[in-house]
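Right, one structure below, let's go through it.
The values are calculated or read from the model by the stated rules, or taken from the named source; none is laboratory data. These numbers come from a predicted model, not from an experiment. Because the Cβ atoms are built from the backbone with ideal geometry, glycine has one as well, and the counts that use them run over all protein chains shown. What goes into the accessible areas is simple: the full protein's heavy atoms, side chains included, and nothing from ligands, DNA or RNA. Shrake-Rupley method; radii C 1.70, N 1.55, O 1.52, S 1.80 Å.
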Amino acid sequence: MKQLILMTLTFCFSLGFSQTEYIKVDSKILEETRQIKVQLPRNYKKNANKSYPVIVTFDGDYLFEPVAGISDFYSYWDYIPEVIVIGINQAGYRMEDGQKDDSKGYPKDKGVKFYDFVSLEVMKFVYENYRASPFSVIVAQDYMADFASYFLIQENPVFRGYINLSPDYTTKNISRLNDAFEKSKHQVWYYLATAENDIESLKNKIRQANAQFSLVENKRFHYYYKDVEDADHFSMVTIALPRALQNIFSLYKPISEKEYQDQLLKADDYVEYLIRKHETIYELYALEIDYRVNDLMLIDKAIKKNKKFELYKDLSKLAEDKMPKTVLGNYFRGRYFEEIGKPKKAMRSYQNAYGLEEAGGITNDVVLDKAEYLKETFGY
């Protein structure tokens, strides 16, 4: 590393089995030593060939722990992907780090250096030392949340996702952001939150900003807004963060009941819908994830509900390709042959499923019973 001299101060296990490192950074840009925190996913060592999205938090001295904890919890339940969380500690440096020229509204002096420190040193360190995917998110509050705007208004933003907790917007940055959202040629996720009992001046500016941002018409701009009830400037953080992470990674999570009702059932081809969902996850988040048994069983449910039995053929091929050790490929093929009036082929498909791994409630007894039923019914 040319830019950084790194010293691992402490290595410990926190948040279950997630790994957290505390690292001293001797920054050539800032000309001082700073501290960052790094939390790796629970399965980071186990999945040696896997890359992970990155979440960077400003004010890591107090924001890192809630971001890391909520990320760990949600990734455990597969609501969001496992992520690498980076916290930049700013205690004693915060006002200098976010230094701006009041007349021009852009970073100046130490603020310019801090911007470069994040872009050129911290992110470079992350990508050189960890298996980080190209998808990165930044989390910040009030003063530093406004500073995060400068990353977004660049032609090629360092970050794709922005979680802004009660940002202390300048009027110029609201206008610049609105222009950037309208003209963006990249996918951008932007989450904005205030609270019922937030600092009054901040809350008013945030609501004004929301009035503008909500009118932006750009399919690449994914915008979410939350006005948290019965919360103040600080208590809103742990309420807004879970929703923010779910919104930014909304396409990642398994098919929910709402998605099933509102989108899957309305699709012309349920199997193609699932394949396209995975392609989109890869395109947007740079993540190649395993197919989920629950998603395949929802396709099965949709096929039966709307009697689109011809889709069982494609579903069986998908299951065989993605879950070759399970009963699902042969089971779905058996369902296909049953519905098109070829019971002998259906029986053989069920028999071929016997002995494979059970999945989605389809046990060896289920496929054996179906094979026996067809054998007795048709006299094979």
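So which trypsin sites (Lys or Arg not before Pro) in the stretch 48-141 pass both tests, a DSSP loop state and at most 10 other Cβ atoms within 10 Å of the Cβ? Let's see the in-between values first.
On the way: sites: LYS50, ARG94, LYS100, LYS104, LYS108, LYS110, LYS113, LYS124, ARG131; in loops: LYS50, LYS104, LYS108, ARG131.
In loop regions of the stretch 48-141 (DSSP not H, G, I, E or B), the sparsely surrounded trypsin sites (Lys or Arg not before Pro) are LYS104.
To the nearest µm²/s, what D does Stokes-Einstein give for the stretch 59-207 at 10 °C and 1.306 mPa s, using the Kirkwood radius over alpha carbon pairs as Rh? Mind showing how you got there, number by number?
On the way: Rh = 16.3 Å.
For these conditions, the coefficient is 98 µm²/s.
Quick one: Karplus J couplings for the stretch 168-179, per residue in order, coefficients 6.51, -1.76, 1.60, θ = phi - 60°, nearest Hz, x for Gly and Pro?
Using θ = phi - 60°, the values come out as 8, 5, 8, 4, 5, 6, 4, 5, 5, 5, 4, 5 Hz.
With springs only between Cα atoms under 10 Å, which of PRO324, PRO167, PRO66 fluctuates most in a Gaussian network model of the chain?
PRO324
In terms of the Cα gyration tensor, with a ≥ b ≥ c the square roots of its eigenvalues, is the stretch 149-260 rounded because a/c is under 1.5, prolate because a/b exceeds b/c, or oblate? If you can, show how the numbers build up before the last one.
On the way: a/c = 1.86, a/b = 1.04, b/c = 1.80.
Oblate, since a/c reaches 1.5 and b/c is not below a/b.
Report the far tail of the P(r) of the stretch 77-116, meaning the percent of Cα-Cα pairs longer than 12 Å.
Details: 523 of 780 pairs.
Value for the stretch 77-116: 67 percent of Cα pairs lie more than 12 Å apart.
Of LYS28/LYS203; LYS185/LYS277; LYS308/LYS344; LYS50/LYS113, which ones are farther than 27 Å apart at the Cα? Before the final figure, lay out each step's value.
Values: LYS28/LYS203 37 Å; LYS185/LYS277 21 Å; LYS308/LYS344 21 Å; LYS50/LYS113 33 Å.
Distance filter (> 27 Å) returns LYS28/LYS203; LYS50/LYS113.
Sequence gap at least 6, Cα distance under 8 Å: using those rules, report the relative contact order of the chain to the nearest whole percent. Could you put the intermediate results ahead of the total?
Details: 649 pairs, mean separation 38.0, N = 380.
Over the chain, the number comes to 10 percent.
Using the Karplus equation 6.51 cos²θ - 1.76 cosθ + 1.60 (θ = phi - 60°), what ³J(HN,Hα) coupling, rounded to whole Hz, does each residue of the stretch 100-108 give in order, writing x for Gly and Pro?
10, 7, 4, 6, 9, x, 10, x, 9
How many times 2.2 N^0.38 Å is the alpha carbon radius of gyration of the stretch 262-380? It would help to have the intermediate numbers written out before the result.
Working: Rg = 14.9 Å, N = 119, 2.2 N^0.38 = 13.5 Å.
Compared with the compact-globule rule of thumb, the stretch 262-380 sits at 1.10.
How many angstrom separate the Cα center of the stretch 67-85 from the Cα center of the stretch 233-295?
14
Could you provide, to the nearest whole Å², the per residue accessible area of the chain with probe 1.4 Å?
On the way: 18130 Å² over 380 residues.
About 48 Å² of surface per residue is accessible.
So what is the calculated 222 nm ellipticity per residue for the chain, using -39500 (n - 2.57) for each DSSP H run with n of 4 or more, over all residues, to the nearest 500 deg cm²/dmol? Can you show the working numbers first?
Numbers: 15 runs with 164 residues, N = 380.
Result for the chain: -13000 deg cm²/dmol, rounded to the nearest 500.
Can you tell me how the stretch 136-176 classifies by the Cα gyration tensor, rounded, prolate or oblate, using a/c under 1.5 as the rounded cut?
Working: a/c = 2.60, a/b = 1.18, b/c = 2.21.
Oblate is the answer for the stretch 136-176, as a/c is 1.5 or above yet b/c matches or exceeds a/b.
In straight Cα distance, which lysines are under 21 Å from LYS183, not counting same-chain residues fewer than 8 positions off?
List returned: LYS172, LYS219.
³J(HN,Hα) across the stretch 291-300 via Karplus (A = 6.51, B = -1.76, C = 1.60, θ = phi - 60°), whole Hz, x for Gly/Pro?
The phi angles translate into 5, 9, 4, 4, 5, 5, 6, 6, 5, 4 Hz.
Near the amide H of VAL25, under 5 Å away, which other amide H atoms are found, from residues 5 or more places off or on another chain, if H is placed in the peptide plane?
Amide H to amide H, under 5 Å and 5 or more residues apart or across chains, VAL25 pairs with ARG34, GLN35, ILE36.
Mind checking the stretch 191-278 for GluC sites (Glu not before Pro) that DSSP puts in a loop (not H, G, I, E or B) and that have at most 11 other Cβ atoms within 10 Å?
Numbers: sites: GLU196, GLU200, GLU217, GLU229, GLU257, GLU259, GLU272; in loops: GLU217.
In loop regions of the stretch 191-278 (DSSP not H, G, I, E or B), the sparsely surrounded GluC sites (Glu not before Pro) are GLU217.
Counting Lys and Arg as +1 and Asp and Glu as -1, each charge on the Cβ, what is the dipole of the chain about the Cα centre in debye, to the nearest 20?
Working: 52 positive and 56 negative charges, 265 e Å.
It works out to roughly 1280 debye.
Could you give P(r) for the stretch 100-167, binned at 10 Å from zero, as whole percent values over all Cα-Cα pairs?
In order of increasing distance, the bins hold 19, 52, 26, 4, 0 percent.
In a shell of Cβ-Cβ distance under 12 Å around ASP365, excluding ASP365 itself, what net charge do Lys and Arg (+1) and Asp and Glu (-1) give?
Details: positive: LYS370; negative: GLU358, ASP369, GLU372.
Cβ neighbours under 12 Å give a net charge of -2.
Show me the GluC sites (Glu not before Pro) within the stretch 78-163 that DSSP assigns to loop and that have at most 10 other Cβ atoms within 10 Å of their Cβ. Each step should come with its number before you reach the end.
Values: sites: GLU82, GLU96, GLU121, GLU128, GLU155; in loops: GLU82, GLU155.
Those satisfying the criteria are GLU155.
Leaving ligands, DNA and RNA out of it, report the carbon-plus-sulfur percent of the accessible area of the chain at a 1.4 Å probe. Walk me through the intermediate numbers first.
On the way: 8820 of 18130 Å².
Taking all protein chains in place, the chain shows 49 percent carbon and sulfur surface.
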